[in-house]
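Remarks on the structure that follows.
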Amino acid sequence: MKVIYDRETDTLTIIFAEVPVAESDEDKPGVILDYDASGNLVSLEILDASRRVALPNRIEYQVTPVSG
């Protein structure tokens, strides 16, 4: 997974898989979902990110421990 914040375009992109995008859908205004040829979500793009995300240039990453 890759997260990119472009200050110039104020766009936050989260890439789940590095595969060609076959279709894009603007699910909500300013939120674009990209899908591969099989219909799997491959990336998420947030336009005007600085207005929609508290700190678009900062990332906190957590992995939940496996229980059991």
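Points worth noting:
- Top-ranked residue in the stretch 15-33 [being among the acidic types (Asp, Glu) and assigned to a strand (DSSP E or B); ranked as farthest from the chain's Cα centre (by Cα)]: Glu23
- Filter result for Asp36 (over 11 Å from the mean Cα position of the chain (by Cα) and farther than 16 Å from Ile15 by Cβ): no
- Taken across the stretch 6-14, residues that are out of contact with any Asp or Glu (no Cβ under 7 Å at 6 or more places or on another chain), of a type in the set (Val, Ile, Thr), assigned to a strand (DSSP E or B) and free of Cβ contacts under 8 Å to residues at least 40 places away in the same chain do occur, with at least one present.
Quick note: the coordinates plus some simple rules give every number you see, no bench work behind them. These numbers come from a predicted model, not from an experiment. Note that each Cβ is placed from the backbone with ideal geometry, even for glycine, and that neighbours are counted across all protein chains shown.
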